[in-house]
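The values are calculated or read from the model by the stated rules, or taken from the named source; none is laboratory data. Just so it is clear, the model here is predicted, and its values are computed rather than measured. Don't worry about glycine lacking a Cβ; one is built from the backbone with ideal geometry, like all the others, and counts go over all protein chains shown.
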Amino acid sequence: MNFKDSLPIYIQIKEYLCRQIITGKLEPNQMIPSVRNLAKQLTVNVNTIQKALRQMINSGLLVTKRGEGNYVTSDKKLLEKIKRDMIVAEQRKFVQNMKSIGITPKQTHLILANHLK
Amino acid sequence: MDNLLEIRDLTYKKNLKTILNNINLNLQPGKIVALLGENGAGKTTLMRVISGMAKNYRGTVKLSGESKEAQRKARLSFTDSLTGFNNSTKIKDIVKFYEIIYQDFDGKQFEQLRQFMKLDSEMRLSEMSKGMREKLIIALAFSRKVDLYLLDEPFSGIDAMARKKIINSIILWKPEKSTILVSDHFVNEIASMLDEIVIIKDKTIYAHKSTEEIREHHKSVEDYYEGLYDAEDE
């Protein structure tokens, strides 16, 4: 995985794991890789991984089983909410990017409708 | 949190020339910290002072609460340049030497690291490339269990594959509560593994920052580091 230089890495790891969960690569109740394995896989240090996981645990997306590891939540409502949040964020990003090159929301709408035909 | 390393008002002169001037630095346990600066900025000298190899400095250096040099030495592992060994020395003989000199040297740990680094213990120093040498130096350093690891430019002059191996070994073999101070003059290729950067400039600590904090301001660590030099050129 390549990180963007100018965004905190723990945020990028959170987004990466959220995406894995939303797309079903990590399923509900599935154990995620250990902190050390993630650190190795992503070549970032353990503290950064822990910060990302802590925030995901706090938001309920991951559940810690003591002595075992971290599991993806089985809370379907929460998973749906995370997915909705992600859709909204992507929409905003897209509209914002179009605005920055001078395309109005109305034009964006037309361009998108045309593109999806 | 208690500091693992505490440096207060450190000044170091050699032949009447000031090398380090009024250095103050605190490092916490469990961090990976880069020591950055141009060649000749004093990175190696600072490591030598911390390790107790360079003496006659002014100020205090405390490691895990201990300021006596002998106590500090027992609590840190400073990368060996291996210049003390004859070129025909085999890896296994260097290991024997380490086992005698350092009571905390863990032979089993070295074996794991040696295999991870893909080094042959029958190999002689003269047969090793720069990258292999650096891998060996890191394997030796991490075979000791200490509070502080001082890695002096392990990435200079080595290829991308060797660099990746060394970065992975730092991430995987660092004991949880130990801190690593690693010097380099580039930051780009190692930025993702770092918690903090310490920059030496004009003989003193010019900046000490958390890498994630820099990124939170939408800046890359590399841009931040280079920006410190560009500002001066203008």
Scan the stretch B:186-222 for residues that are polar (S, T, N, Q), more than 25 Å from B:Met132 (Cα to Cα) and without any contact (Cβ under 8 Å) to a residue 60 or more places away in the chain and report the count.
-> 3
Taking the stretch B:192-234 as the region of interest, how many residues are under 15 Å from B:Glu38 (Cα atoms), within 14 Å of chain A (Cβ to nearest Cβ) and surrounded by fewer than 16 Cβ atoms within 10 Å (Cβ to Cβ)?
-> 2
Given (1) closer than 28 Å to B:Lys209 by Cα; (2) crowded, with 18+ Cβ neighbours inside 10 Å; (3) in contact (Cβ under 8 Å) with a residue 24 or more places away in the chain, index of the condition B:Gly52 fails = (3)
With the checklist (1) surrounded by 14 or more Cβ atoms within 10 Å (Cβ to Cβ); (2) at pLDDT 90 or above; (3) within 21 Å of the chain's Cα centre (by Cα) in hand, flag the one item B:Glu189 doesn't pass.
-> (2)
What number of residues in the stretch B:8-47 are in contact (Cβ under 8 Å) with a residue 24 or more places away in the chain and closer than 26 Å to B:Ile166 by Cβ?
-> 21
Looking at B:Gly52, B:Gly30, which one is within 18 Å of B:Arg144 (Cα to Cα) and within 14 Å of chain A (Cβ to nearest Cβ)?
-> B:Gly30
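Can you go through A:Met86, A:Met98 and tell me which one is more than 14 Å from every other protein chain (Cβ to nearest Cβ), in a helix (DSSP H, G or I), in contact (Cβ under 8 Å) with a residue 24 or more places away in the chain and among the aliphatic types (A, V, I, L, M)? Don't jump to the end; show me each part of the working.
Numbers: A:Met98 fails: in contact (Cβ under 8 Å) with a residue 24 or more places away in the chain.
Matching residue, one of A:Met86, A:Met98: A:Met86.
Condition check: touching a residue at least 12 places away in the same chain (Cβ under 8 Å), within 21 Å of B:Leu113 (Cβ to Cβ) and in a strand (DSSP E or B). Does B:Ser183 satisfy that?
yes
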Among the residues of the stretch A:9-55, write down those that are touching a Lys or Arg at 6+ places or on another chain (Cβ under 8 Å), closer than 28 Å to A:Lys77 by Cα and within 12 Å of chain B (Cβ to nearest Cβ).
-> A:Ile9, A:Tyr10, A:Gln12, A:Ala52
